Each structure stands twice: as structure tokens, then as C-alpha cells.
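Data block below; observations after.
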Amino acid sequence: MSVVNILVLVCFAYAALLFLVAFGAERAAHRGRSNWLRSPMVYTLSLSIYCTAWTFYGAVGYAARSGLEYLTIYIGPTLVMVGWWWVVRKMVRIGRSQRITSVADLISSRYGKSSLLAVFVTVMAVIGTTPYIALQLQSVTLSFAAFASVEPNSTAFENSQITALWVAVGLALFTILFGTRNLDANERHHGVVMAIALEAVVKLIALIAVGIFVVWGVGGGIEQTLARIDASEIGTWQVQGDRWAGLIFLSAAAFLTLPRMFQVLVVENENEGHLRTAAWAFPTYLMLMSLFVVPIAVVGLDLLPAGSNPDLYVLTVPLSEGQTGLAMLSLLGGFSSATSMVIVASIALSTMVSNHIVIPLWLRYSGGGAAMSGDVRNVVLLARRVSIAVILALGYLYYRMSGGGTALAAIGLVSFAGVAQFLPAMLGGIFWRGATRSGALAGLSVGFVVWAYALMLPSFGTGMVIPETVFLEGPFGIEWLRPQALFGIDGMDPLIHAVLWSMCLNTGAFILVSLLSFPSPIERLQGAQFVHVFQHSDAPQSWTGGVARSEELMIMAQRILGSSEALSLFQTEAARQGLAGYLPEPSPDFLQRLERELSGSVGAATAHAMIGQIVGGATVSVEDLMAVADETAQMMEYSSQLEAKSTELTRTARQLRAVNEKLTQISVQKDAFLSQVSHELRTPMTSIRAFSEILRDTKGITAAEQSKYSSIIHDEAIRLTRLLDDLLDLSVLESGRVTLNVQDVPLDEILQRAIASSGVGNLEIKLSGRDNSGTIVLRTDPDRLAQVFINLIANAQKYCDAKTPVLRIILHLKPAGKGEQMILDFVDNGSGIATDAQAVIFEKFSRIGEQNAPGAGLGLAICREILARLGGAITYLPGQGGAAFRVSLPLKPVNDLHL
Amino acid sequence: MSEPSRSVFLERQTYRRRRLMDAARMLPIVGILLWALPLLWPQDPEQAVTTSGAMRYIFGIWVLLVALSLWLSRRLKDTAETDASRPN
């Protein structure tokens with residue numbers, strides 16, 4: 001069997017093994033036995049798609065040409081992973097909480113779910129990745145050809161374009177089969193990840209095996225190999241400083257922004273804890289991958305004839321030594337590097353193309369909107385499959401057009417520089433809340449234009465796309481716009497020149513436009529969600545519920561998630577809401593959850609648009625805006641709310657306490673009154689009974705005695721009647737059933753009558769401000785008013801404890817409302833009423849001071865009721881040197897009294 | 001709250017975790033500084049650093065960073081469960 005036949009057989013066997021592994025992993029995941037599939041080590045190994053065929057073969061060629069400079073490509077990612085706590089951890093958390101499906105989705109989602117940005121990033125990613133795919137195809141065909149050339153008269157693989165075509169078709173098949181098998185809500189591909197993990201192991205083992213062979217098999221041990229290295233043409237450190245620093249930066253940036261890296265790093269990440277392992281394991285992997293590169297390069301330079309391609313030393317060194325088996329392993333390693341990169345890159349790109357370009361266009365032009373359209377699920381899958389085929393076709397076409405020449409070798413770094421343009425928008429988006437959509441658009445466009453003009457187009461060769469005169473004299477003779485000497489800075493390395501200017505101008509435009517523009521509410525919300533992802537990983541935005549009909553949502557969800565998944569999602573939600581059946585209320589909560597589920601399948605922007613079509617637009621609620629507001633402001637707002645609440649509570653408590661105090665006092669008074677009433681009723685009743693018994697039972701009672709006892713009985717009966725009258729009076733007044741006898745009466749007349757009828761006794765009454773002329777005429781019920789005055793005078797008689805009691809009655813007039821108000825103060829010179837008693841003196845049954853004074857404590861209560869009926873008021877005036885009552889009454893009642 | 005001594009213990013653990021996070025953040029900066037040193041190496045071919053020496057230096061840093069990263073990720077894992085819910 002010829003070597004070529006063995007080669008073909010081994011490659012097919014290897015491909016079959018990959019299929020088998022992917023298939024087995026898919027099945028295991030389907031049965032829920034995916035624990036071992038998702039170990040941190042598998043995650044780490046899947047990151048190794050960073051090491052493509054370009055690094056597998058190319059690194060040795062790179063080292064043979066420029067010494068240790070190739071290490072920059074590995075050092076950048078090492079720094080990023082070692083510093084995972086800064087950026088990668090945050091990206092993964094955001095990716096998980098926002099269901100991010102691609103790098104385009106991340107950027108569009110951050111800047112207000114902007115479709116324009118998503119399309120822009122997608123197109124840029126396709127432009128940046130296509131040459132890279134071509135590069136992989138080239139390396140596979142070259143390695144096949146190199147292997148075949150061992151046999152002198154072999155004609156196999158002579159037509160490299162045919163080989164490339166077959167490789168491209170095979171890869172497309174594999175990717176479509178395992179990359180678009182289902183529409184996983186999390187956009188994770190167990191089979192693919194497992195297969196690339198296996199490939200990662202194969203390529204590491206292959207490179208290390210070749211390295212060990214070179215160092216111990218050919219070189220004769222470590223020391224001798226090192227001596228050989230120092231003696232070779234790359235024996236000294238000759239790396240230019242600007243390239244060393246610039247390439248480390250570039251590879252670090254590309255590690256974060258390459259669509260395929262984002263796919264394995266963020267999207268396929270199952271568990272944030274895996275990062276902890278990857279933080280040390282992936283740098284170890286990179287170190288091992290780069291460890292034997294220089295020895296292989298040096299031995300290749302020594303052994304092989306001048307002019308042989310250093311890019312294939314990994315393959316040709318074992319072959320030249322007759323180690324066909326080792327060469328076969330090495331070829332499988334290169335094959336693995338190329339295929340895993342192409343598979344993941346085309347999955348990542350197809351996700352972006354279908355989510356951000358095909359589906360939105362399809363939704364727009366298929367008519368009828370999200371709820372009406374056909375099976376979106378199939379459309380999405382079809383779009384992905386077609387996208388994968390198209391992307392691989394593009395890669396193949398690029399390979400054919402470029403002719404597989406050396407121009408392609410430089411494309412790796414050109415591609416890195418292209419995708420690195422995402423970096424400012426990405427990092428700005430997750431660390432700076434002030435970053436806006438306009439800023440991101442400006443930065444990306446400027447960066448891409450500079451990249452294309454200064455690096456990508458010149459990379460095709462002078463005079464190929466850009467005419468030679470432009471290189472020498474600048475476009476239209478503008479010298480400072482020469483593609484490789486922008487702003488007149490000459491003599492820089494073209495790559496570093498382009499990276500420097502594109503990144504500086506990109507970042508500058510991004511920051512400047514962000515500072516000058518104003519973000520929309522959704523952008524600000526998303527910004528807060530992204531930047532503060534560790535504080536609140538909750539839903540970003542609320543929908544107005546109720547407008548959407550659950551059934552329409554269900555129809556749409558079924559078309560994207562699949563019938564059974566959608567049903568179980570809706571049922572779970574309905575159960576959560578406490579409803580039976582499958583249709584939950586379209587609450588904002590539920591809509592958010594649904595949007596996130598959908599965005600796992602079709603991307604955030606599309607999911608948002610689809611729900612928006614049914615629900616009728618998102619709203620940004622006040623609470624959401626609160627979230628946007630600065631945290632400090634939130635805290636202040638919250639604490640001031642708390643403060644207000646606590647003040648209110650204090651006030652209420654104080655009022656309650658006052659009311660409670662009053663109630664307690666009233667209750668005490670009521671008890672006291674009841675005992676008083678019993679006492680008041682009992683005393684006359686006792687004497688009435690006693691004297692009537694005497695009259696009945698005593699024989700020979702004298703007429704004088706009879707008359708005396710009868711009058712006592714009579715007096716006591718009158719006293720009882722008066723008490724009952726008072727009670728009746730009060731209840732009539734209170735219930736409002738009183739009839740008033742309203743007349744125009746001079747005030748003086750009423751007052752004199754009251755003084756006369758109350759029998760002044762030893763009380764001296766002084767009238768001041770007295771209206772002798774009788775010009776003050778009240779329209780009132782004179783009898784009732786006199787009753788009030790009599791009561792007040794009687795109170796002074798009863799309670800004034802001064803040696804020579806004096807009652808001053810002071811009259812003044814005060815304008816009030818439309819008319820005038822009469823105010824009459826009754827002030828005595830006694831000790832007054834204690835402050836705590838002042839609140840209750842107008843209550844019924846309230847008796848203060850000495851309890852032996854006659855009366856049942858109804859007087860002032862009656863006064864208050866009477867004055868209320870007459871349209872006036874009676875209040876206690878504190879601080880007058882004695883008990884003081886103020887009677888106020890309008891001269892002409894505004895509304896004709898409460899009759 | 002009921003046991004003051006316990007809360008002091010927790011505080012101390014949280015404090016340690018914060019410092020470990022700081023250390024994890026410092027690691028790439030250390031790496032950048034150490035790997036930037038070759039920029040200062042002489043460019044003159046006469047006294048240039050040999051490739052084997054440069055390899056020893058660069059790969060030495062690599063091993064150092066991997067070891068530190070391994071140690072830190074182990075430590076962070078040990079303490080991660082105790083206050084996983086805490087904001088960053």
C-alpha cells in the first residue's frame with residue numbers, strides 16, 4: 001500500500017473517529033449524562049482552537065524567519081487568561097445572564113439591542129475571518145502535498161485546488177451535521193466541543209512528539225539542542241521592540257474578539273467555575289505548544305536544503321528522517337488544528353449571519369409579523385446551514401483567487417488586526433456606562449476604514465488593489481495619507497503602524513462620540529445591566545403586560561423553541577402563576593423570560609423585535625429608570641423615602657397616642673360619671689323613699705312635719721327631674737332634633753338676664769367692653785344663649801376658689817369671614833383648670849375639681865352643643881390667670897343656622 | 001449577630017478573599033511587566049542575548065505565571081462557596 005493511500009485511509013479514519021466522538025457526546029448530552037462532557041478540562045481544551053494550522057505549522061516557519069517573535073502570539077492570550085478576573089469573567093457572566101450568542105450579539109445587545117450594530121459587526125467578522133479560513137485550507141492542502149511528494153512519482157494531491165475543495169466540503173458537512181443539529185436555547189454544541197477537545201489533544205501530542213524527536217532523536221539532548229539554537233542564524237535576540245509589544249497586544253485583543261474564540265470562551269461556557277481551571281491550564285497548553293517550536297525550526301534549518309518551506313518543517317523534518325509514522329501524527333495534528341478552527345469559526349459566523357442578517361430580513365419580508373409567519377425554527381436552521389456552506393465557499397474562493405501564494409501567510413495577523421477593532425466597543429461596553437451606540441458605530445467604522453486602507457488592501461501587494469503611486473505619494477497627492485505612513489510618520493513596521501493608528505483612531509472616535517451623544521433609555525438600561533452585571537444579574541427591561549395575547553406568544557415560541565419545549569415553558573410559567581393549563585398571563589416577568597429564551601436561539605435583537613411585534617413595544621418603567629440612575633442617587637432616594645416613611649409613622653404614632661390618651665380619659669370619666677349618676681340618682685331616691693315611708697308608716701304625724709317631709713320629697717323629685725332634663729336636653733341637642741327660636745336680640749339684654757337669673761351670690765361680676773347702647777344685635781335663640789351664659793356664671797360660682805371670686809366678662813368684636821364676630825370671654829380669678837383636664841372639660845359627664853359640687857358634668861357639654869347649633873363655638877382659653885372660656889358667635893350667621 | 005466571635009471570623013475570611021481577588025487582578029500586570037523586559041535587551045548583535053537565554057527567561061516567566069495562577073484559582077475556589085452571593 002502506498003504512503004498516499006495510507007494517508008487517505010488514516011485521514012478518513014480520523015474523520016470517522018471525530019464523527020463518532022461528536023455523535024456519542026450528543027447522545028450522552030441528550031440523555032442528560034453530560035457531566036463528564038462538561039468538565040473544566042474539556043472547556044480548556046476547546047479554547048485551544050486558538051491554535052490553528054497557522055500556529056501549528058506557521059509558528060515554526062515564523063520562528064525560522066524571525067526568531068522568538070512568534071511567542072507574542074501565545075503570550076497575549078496567556079496574559080488574558082491569567083488575568084481572567086478582569087475581563088473574561090465579566091464577559092462570561094454577561095454572556096450567561098443575557099444569553100449572548102455571538103460577539104455581534106454582545107455588542108448589539110449592549111448598545112440597546114441595535115440591529116444596525118449587529119449587522120455591522122457581523123459583516124466585519126465575515127470579512128476578517130474568510131481569509132483565515134482560506135489559510136486553513138491552504139495549510140491542509142500544502143501538508144497533504146508535502147506528504148505525497150515523498151513518493152517520487154506520485155501524482156496525488158498535485159491539484160491543490162481539488163484537495164482544498166474536498167476538505168472544504170467535508171468540513172461543511174461535519175459542521176452542518178453537528179453545529180446545526182438542533183436549535184439549542186443556549187447555543188451550545190456538545191458534540192462539536194467534544195470533537196475539538198479531542199483534536200486539541202491530538203495536535204498537542206503531535207507537536208510534542210515531533211519536538212521530543214527533534215530534541216532527543218536528532219539534536220542529541222537538551223544542552224546540545226540549545227547550543228545548536230545559539231549557533232543558528234536565529235541564535236540571538238533580534239526582536240524589534242515595537243513588534244514585540246504590539247503583537248502581544250494584538251494577540252490578546254484578538255483572543256477576546258475573534259468570533260470563534262468568543263464562541264468557545266463565552267457561548268459554550270457551561271459553568272463560570274471552569275474559568276478557574278482554564279486560567280492556569282490554558283496558559284500551560286499554550287506554553288507546551290510553543291515550547292518545541294524553536295528546536296524544530298533550528299533543526300529544520302540545519303537538516304533541510306535551503307529554499308524548502310519552513311512552514312512545513314513540522315512535517316518535513318520527520319519525513320526527511322524517515323519517520324513516516326511520526327509525520328503521519330504530525331499531519332493529523334495539523335489537520336486537527338485546521339478543521340477545529342474552521343468548524344467553530346463557521347458555527348460562530350453562521351450564528352451571527354442567521355441571527356442578525358437572515359432572520360431579521362426574513363421577518364420583514366415574509367410579511368405578517370412574528371406570530372403569523374411560518375416555522376421560524378426551520379428557517380433559522382436552514383439559514384445556519386446555508387450560512388456555513390456560504391462561509392466555507394467564500395473561504396475556498398478566497399483561497400483560489402489568492403492562488404495559495406505567500407500573500408496568504410501574512411493574512412493571520414491582518415485578520416487579527418481586523419477583529420481587534422471590536423475591542424474598544426466591547427471593553428467600553430462592559431466597563432463604561434457612558435459608552436453609546438453612536439460612539440460604538442463611529443469607533444468601529446473609523447477603525448475598520450483605517451484597517452482596510454492601511455493594512456488589508458496593501459496586504460494583497462503593492463499595485464494590486466491600491467496603485468503604487470498612492471503608496472509613494474498618497475491619494476490625490478496628499479502625502480500624509482499614504483497607506484503605510486499615515487500622518488507622515490514614516491519607517492514604521494506596516495503592521496504595527498496600521499494597528500497603532502486603527503486602534504487609536506477607533507478608541508478616540510468611540511470615546512469622543514460617546515461623550516457627545518445621548519443614549520436611548522434601552523441603551524442606558526442595557527449599559528447598567530452590563531457594567532454592573534455582578535451586582536444585579538436580573539432581567540434588563542420590562543414589557544407592558546396584558547397587551548400581548550398569550551396564545552400568539554405561544555404560537556411564536558413554538559416556532560422557535562419547538563413545540564414540546566415551548567409547551568413545557570408555558571406550562572411551568574402558568575403553574576408558577578398558579579393557573580391551570582398552558583396559557584400564563586403575559587406578565588412583564590414572563591415576557592422577559594420568554595425573550596431571553598428566544599434570544600438563545602435567534603439572538604437578542606431579533607428576539608426583542610419579535611416579542612415587540614406581538615406585545616407592541618417595550619416600555620421603560622420608572623423602576624427601570626431608577627436602575628439607570630446612579631447608585632448613589634438610588635441610595636439617597638431610598639433613604640429619603642425611608643426617612644419620610646419614618647416621619648409619617650412617628651406622626652401617626654403621636655396622633656394615636658393622643659387619641660388613646662383621650663379615649664382612656666373618657667372611659668375613666670364615663671365610669672366616674674356612671675358612679676356619679678348612680679350616686680346623684682340614688683341620693684334623692686333614698687331620701688324620697690325614706691320620707692315617703694315615714695309619711696306612710698308613722699302614726700300621729702304633725703301637719704308641720706308632714707308639710708316639711710312632703711316638700712323634701714318634692715325638692716328631691718325636682719332635682720331628679722332636672723338631672724333627667726339635662727340628659728334629655730343634651731341628647732336632643734346632639735341628635736340635631738332641637739328647635740331654635742331665632743330672634744334679633746341685643747346682646748346686653750341676654751347677658752343681663754343671665755346674670756340676674758343665675759343669682760350671683762358672693763361672686764363679683766365685672767363687665768368690660770360692655771355695650772350699653774345695645775347696638776350689638778344678635779340673630780340667635782336668646783333662651784339657649786342665656787342658658788350658656790348662666791352655665792358659665794354658675795361654673796364660676798361653683799368652682800372659683802379665690803377668696804373674693806371675681807368673674808370678668810370681656811366683650812370684643814372681631815371681623816370674621818364676611819361679617820363680624822362677637823367674642824365674649826368669661827375669666828375668673830381662681831386657679832383655673834389643669835392642663836391635662838382642659839382637653840376633656842367639654843366632654844359629656846366630665847367633672848373636674850371637687851366631686852362634691854352639685855351637677856352631673858353635663859353643663860359645658862350642653863354649652864358646646866348649643867353654640868355649635870347657633871353657628872358659634874366655645875373654647876377654653878389657657879393662660880388667663882384663672883378659668884377662662886371664650887364664647888364666639890357671628891353677629892349675623894351666614895347660613896341661617898342649623899335649624 | 002448572636003455570636004460576635006463568629007462574625008469576626010467571617011469578616012476575616014471575606015477580607016482574605018478580597019485580597020486574593022486583588023492578587024488575581026495583579027497577576028497579568030506582573031506578567032506584562034516581566035515580559036516587557038526583553039524590550040530593554042541590547043539590540044546590538046555583538047552583545048545580544050542568546051536565543052537559548054531568552055527562551056529560558058520567557059518560559060521561566062510562563063511557568064511562574066501558571067504556578068501562581070494555579071495557586072490563586074485553588075484558593076479562590078476554596079473560599080468561593082462561603083460568600084458566593086456577595087457582590088463584587
(request) Scan the helices (runs of 4 or more DSSP H) fully inside the stretch A:220-285 and keep the ones with 3 or more residues being more than 11 Å from chain B (Cβ to nearest Cβ). (result) A:241-257, A:259-262
(request) Report yes if A:Thr101 is β-branched (Val, Ile, Thr), modelled with pLDDT under 85, open to solvent by less than 10 Å² (accessible area, probe 1.4 Å) and not assigned by TED's automatic domain parsing to the domain that holds A:Leu457, otherwise no. (result) yes
(request) State which residue is farthest from B:Arg17 (Cα to Cα) when the search covers only the stretch B:31-60 and only residues that are surrounded by 15 or more Cβ atoms within 10 Å (Cβ to Cβ) and more than 9 Å from chain A (Cβ to nearest Cβ). (result) B:Tyr57
(message) For the stretch A:74-85: of the residues being out of contact with any Pro (no Cβ under 7 Å at 6 or more places or on another chain) and open to solvent by 10 Å² or more (accessible area, probe 1.4 Å), which is nearest to the other protein chains (Cβ to nearest Cβ)?
(response) A:Trp85
(message) I'm told A:Val210 meets every condition in (1) modelled with pLDDT of 85 or more; (2) open to solvent by less than 30 Å² (accessible area, probe 1.4 Å); (3) within 14 Å of another protein chain (Cβ to nearest Cβ) except one. Can you identify the failing condition by its number?
(response) (3)
(message) Just the residues that are modelled with pLDDT under 75 and either assigned to a helix (DSSP H, G or I) or within 9 Å of chain A (Cβ to nearest Cβ) (or both), please, taken from the stretch B:61-88.
(response) B:Lys77, B:Asp78, B:Thr79, B:Ala80, B:Pro87, B:Asn88
(request) Tell me, yes or no, whether the stretch A:54-72 has at least one residue that is modelled with pLDDT of 85 or more, outside any helix (DSSP H, G or I) and within 12 Å of another protein chain (Cβ to nearest Cβ). (result) no
(message) Looking at the stretch B:50-79, I want the residues that are closer than 15 Å to A:Leu288 by Cβ and have a partner that is open to solvent by 20 Å² or more (accessible area, probe 1.4 Å) and among the polar types (S, T, N, Q) with Cβ atoms under 7 Å, at least 6 apart or on another chain. Which pairs are those?
(response) B:Val66/A:Thr284
(request) Could you pull out the residue among A:Arg753, A:Arg722, A:Arg779, A:Arg737 that is within 15 Å of A:Met822 (Cβ to Cβ) and open to solvent by 70 Å² or more (accessible area, probe 1.4 Å)? (result) A:Arg779
(request) Hey, could you check the stretch A:104-120 for residues that are in contact with a Leu (Cβ under 7 Å, 6 or more places away or on another chain) and surrounded by 23 or more Cβ atoms within 10 Å (Cβ to Cβ) and say which is farthest from the other protein chains (Cβ to nearest Cβ)? (result) A:Leu117
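From the list A:Gly300, A:Gly322, pick out the single residue that is small (Gly, Ala, Ser) and open to solvent by less than 10 Å² (accessible area, probe 1.4 Å). Break it down into steps so the answer makes sense when it comes.
Details: A:Gly322 fails: open to solvent by less than 10 Å² (accessible area, probe 1.4 Å).
When all the criteria are applied, what remains is A:Gly300.
So for the stretch A:26-41 (the condition being within 14 Å of another protein chain (Cβ to nearest Cβ) and crowded, with 24+ Cβ neighbours inside 10 Å), does at least one residue qualify? Please lay out each step first, then the result.
Initially, the stretch A:26-41 is screened for residues within 14 Å of another protein chain (Cβ to nearest Cβ), giving A:40-41.
After this cut, where a residue has to be crowded, with 24+ Cβ neighbours inside 10 Å as well, the list is none.
No - not one qualifying residue is present in the stretch A:26-41.
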(message) Pull out all pairs, ordered by first then second residue, where Cβ-Cβ is under 6 Å, the residues are six or more apart or on different chains, the first lies in the stretch A:678-705 and is part of a helix (DSSP H, G or I), and the second is exposed (fewer than 12 other Cβ atoms within 10 Å of the Cβ).
(response) none
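Tell me which residues, restricted to the stretch A:434-465, are modelled with pLDDT under 70 and not hydroxyl-bearing (Ser, Thr, Tyr).
Kept after step one, since they are modelled with pLDDT under 70, are these residues of the stretch A:434-465: A:461-465.
Within the stretch A:434-465, A:Gly461, A:Gly463, A:Met464, A:Val465 meet the criteria.
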(message) Would you confirm whether or not the stretch A:227-246 contains a residue that is among the aromatic types (Phe, Trp, Tyr), open to solvent by 30 Å² or more (accessible area, probe 1.4 Å) and modelled with pLDDT of 85 or more?
(response) no
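The values are calculated or read from the model by the stated rules, or taken from the named source; none is laboratory data. Being a predicted model, the structure only gives us computed values, none of them experimental. We place every Cβ from the backbone using ideal geometry, glycine too, and count neighbours over all the protein chains shown. With ligands, DNA and RNA removed, areas are computed over all heavy atoms of the protein, side chains included. Shrake-Rupley method; radii C 1.70, N 1.55, O 1.52, S 1.80 Å.
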